Amino acid sequence: MSPEEIEKLRFPVGRFNPPETLALEHIPGMIETIRQFPDEVSALINDLPIDALNWKYRPGGWSAKQVVHHCADSHMNALIRFKLALTEDEPTIRPYYEDRWAELMDSRQDDLLPSVFILGGVHRRWTQVMQSMILSDWNRGYIHPEYNRRYTLYQALGNYDWHCKHHLEHLRLAIQSNGKYNDM
């Protein structure tokens, strides 16, 4: 495979570019992406046979089940980051090694139900929090020490809007691959 083909599989919706200015008209659509995400994941994985959960979306990439478990891990952290930023002044969040988390035993389980339940609950609560936010809340932020940068909650929302779309496409690619990337 060419580097361009691998890049397209790795970032099927493109790389994330954080928005620099607050655009209020985009917020409802991004919140809707967050709200719908658990149902979209469930629709994709509901009737998959167990071996399909092990199919990868690209050579060297995660399996479909690792993507689902990763989203549960990542989005739990996202809700906590939002709540920290809404209740503290410029908190420094705690990064984590998502690649290492994806290798832990719970991220290799064929039973996706716990992660699907986590996504459902986290996304419901996260949506409620965001729907209750006022304009000034979107400019609140946190410090991400891995990037030595401040992110507003609006930028974080943009990131997780992208993250949902990014990983839904990974799941679609894994299913379409029919396992062809597993030995690569």
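The values are calculated or read from the model by the stated rules, or taken from the named source; none is laboratory data. Note that the coordinates shown come from a computational prediction; the quantities given were computed from them, not determined experimentally. Cβ: placed from backbone, ideal geometry, glycine included. Neighbour counts: every protein chain shown.
Step by step: first the residues of the range 139-150, then only those that are in contact (Cβ under 8 Å) with a residue 60 or more places away in the chain and surrounded by fewer than 20 Cβ atoms within 10 Å (Cβ to Cβ), then the one that is farthest from ARG35 (Cα to Cα). Which residue is that? Across the range 139-150, the extreme among qualifying residues is ARG150.
If the condition is being over 14 Å from the mean Cα position of the chain (by Cα), buried (at least 19 other Cβ atoms within 10 Å of the Cβ) and not β-branched (Val, Ile, Thr), then the range 25-60 contributes LEU53, TRP55, LYS56, TYR57, ARG58. Taken together, SER136, SER107 contain a single residue that is over 19 Å from the mean Cα position of the chain (by Cα), hydroxyl-bearing (Ser, Thr, Tyr) and in a helix (DSSP H, G or I), which is SER136. Residues that are of a type in the set (Gly, Ala, Ser), under 15 Å from LEU112 (Cα atoms) and modelled with pLDDT of 95 or more do not occur anywhere in the range 11-24. Taking the residues in the range 85-109 that are crowded, with 16+ Cβ neighbours inside 10 Å and touching a strand residue (DSSP E or B) at 6+ places or on another chain (Cβ under 6 Å) as candidates, determine which candidate is farthest from HIS123 (Cα to Cα). Going through the qualifying residues, I end up with PRO91.
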